[in-house]
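The values are calculated or read from the model by the stated rules, or taken from the named source; none is laboratory data. Only a predicted model underlies this, so the values are computations on that prediction, with no experimental measurement involved. Cβ placement follows ideal geometry from the backbone for every residue including glycine, while neighbour counts extend to all protein chains displayed. Heavy atoms of the whole protein, side chains included, go into the accessibility calculation; ligands, DNA and RNA do not. Shrake-Rupley method; radii C 1.70, N 1.55, O 1.52, S 1.80 Å.
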Amino acid sequence: MTCIIIEDEIPAQKILQNFIGKIPSLELVNTFKAAIEANSFLNSHTVDVVFLDINLPDMSGLDFIKTVKNPPVVIMTTAYPEHAVSSFELRTIVDYLVKPFSFDRFLKAINKAKDRMEVPKLSEESKGETIFLNVDKTMHKIVLNEILFIESDRNYITLVTQTQKLSFIDSLKNWTEKLQGKQFVQVHKSFIINSQCVDKITGNTVFLNANKIPIGRTYKPNLLKALGI
């Protein structure tokens, strides 16, 4: 994995450089003190991981990453743990390292980054894969990758995609088995969601586009694992 550091404090830069040097699978491409410098680099280069400080001279790390088109995986670094909740609302952020952090904690963040980078591969497997649903005597073509979530209500299933909403007789268990091995995860006794469509998580609610889906207590660990958190 290639990576860059965006950090204005020299001691913090050196710690990250030292830790990165201990991991053979990581290649440090460049180090920046300010977001503007890094922005110019990312406009013409691609990397896998960014180590990003929140408090930077020209703009905050959180504001900066929102401006990056197709941002890489981000590991935040800061001395202020109160920013952790807001930072995890951005799906590209996989972990939050509070200074000073140990090498063991750093390694855990790297493993999360690796897990997140494997998720798009699952998405590619189902890209273009379709099924047909017979609803009200009409055959509807469904692209699996476009499914946002599936809701169960007694003996009925409501399947919501980016373009349509269909209700029909079926069971959530059947759909859990049908979608096994893809990017779908059950988050509640009545809901399965597409983990690739998650915008943010607030408390026990997950947001997909404008949809708010409850998260069951026993299902939350699996959801966080699927998201690489």
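What 222 nm value per residue comes from the helices of the chain, counting each DSSP H run with n ≥ 4 as -39,500 (n - 2.57) and dividing by all residues, nearest 500 deg cm²/dmol? Walk me through the numbers on the way to the answer.
On the way: 7 runs with 71 residues, N = 229.
The helix contribution divided over the chain gives -9000 deg cm²/dmol.
Mind checking which of Trp175, Val187, Asn222 is farthest towards the positive end of the chain's charge dipole, using Cβ charges of +1 (Lys, Arg) and -1 (Asp, Glu) about the Cα centre?
Toward the positive end, the furthest listed residue is Trp175.
How much of the accessible area of the range 17-73, probe 1.4 Å, is carbon plus sulfur, in whole percent?
Ligands and nucleic acids excluded, carbon and sulfur give 48 percent.
Could you check how much of the accessible area of the range 127-224 is carbon and sulfur, as a whole percent, using a 1.4 Å probe?
Exposed carbon and sulfur together represent 46 percent of the surface.
Whole number in Å², please: accessible area per residue of the range 90-229, 1.4 Å probe, ligands, DNA and RNA not counted.
Using a 1.4 Å probe on heavy atoms only, each residue of the range 90-229 averages 56 Å².
Please list 3J(HN,Hα) in residue order for the range 210-224, calculated via the Karplus relation 6.51 cos²θ - 1.76 cosθ + 1.60 where θ = phi - 60°; whole Hz, with x for glycine and proline.
Whole-Hz 3J(HN,Hα) from phi for the range 210-224: 9, 9, 9, 10, x, 10, x, 4, 6, 9, 4, x, 5, 5, 4.
Hey, of (i) 18.1; (ii) 19.2; (iii) 17.5, which did the structure itself give for Kirkwood radius over Cα pairs in Å when calculated?
(ii)
What is the range 92-203 by shape, rounded, prolate or oblate, if you read a ≥ b ≥ c off the alpha carbon gyration tensor as root eigenvalues and call it rounded for a/c under 1.5, prolate for a/b larger than b/c, and oblate otherwise?
Prolate shape, in that a/c is at least 1.5 and a/b is the bigger ratio.
Whole-Hz ³J(HN,Hα) for each residue in the range 149-165, computed from phi via Karplus 6.51 cos²θ - 1.76 cosθ + 1.60 with θ = phi - 60°, x for glycine and proline: what do you get?
7, 10, 10, 10, 9, 6, 9, 10, 10, 10, 9, 10, 10, 5, 10, 8, 9
Loop only per DSSP, at most 16 neighbouring Cβ atoms within 10 Å: give me the trypsin sites (Lys or Arg not before Pro) in the range 173-229, ordered by residue number.
Lys189, Arg217
As a test of reading the structure, rank Glu146, Glu9 by solvent-accessible area (1.4 Å probe, protein chains only), most first.
My answer, sorted largest first, is Glu9, Glu146.
Pairs Lys182/Lys212; Lys141/Lys225; Lys66/Lys225; Lys137/Lys225: which are spaced more than 28 Å apart, C-alpha to C-alpha?
From the list (Lys182/Lys212; Lys141/Lys225; Lys66/Lys225; Lys137/Lys225), the Cα-Cα distance tops 28 Å for Lys141/Lys225; Lys137/Lys225.
Apply the Karplus parameterisation 6.51 cos²θ - 1.76 cosθ + 1.60, with θ equal to phi minus 60°, to every residue of the range 102-110 and state each ³J(HN,Hα) to the nearest whole Hz, in sequence, with x for glycine and proline.
Once rounded to whole Hz, the list reads 7, 5, 4, 5, 4, 4, 4, 5, 4.
With a cut-off of 8 Å between alpha carbons and a minimum separation of six or more residues, what is the relative contact order of the chain in percent? Please list the in-between numbers first.
Working: 374 pairs, mean separation 28.2, N = 229.
This gives 12 percent for the chain.
Non-local amide H neighbours of His188 (under 5 Å, H modeled in plane, Pro and chain starts lacking H): which ones?
Gly216
Could you state how much accessible area Ser152 has, in square angstrom rounded to the nearest 10, with a 1.4 Å probe and all protein chains kept in place?
20 Å²
Amide H neighbours of Lys200 under 5 Å, at least 5 residues apart or on other chains, H built in the peptide plane: list them.
Phe207
Tell me the accessible surface of Ile229 in square angstrom (1.4 angstrom probe, heavy atoms of protein chains only), to the nearest ten.
60 Å²
Under unit Cβ charges (Lys, Arg +1; Asp, Glu -1), what dipole magnitude, rounded to 20 debye, does the chain have relative to its Cα centre? Don't skip to the end; give the middle numbers.
Values: 27 positive and 25 negative charges, 148 e Å.
Magnitude of the dipole: close to 720 debye.
Compare the Cα positions of Pro24, Ala34, Phe51 along the charge dipole of the range 1-114 (+1 at Cβ of Lys, Arg; -1 at Cβ of Asp, Glu; about the Cα centre) and return the one farthest towards the positive end.
So the residue furthest toward the plus end is Pro24.
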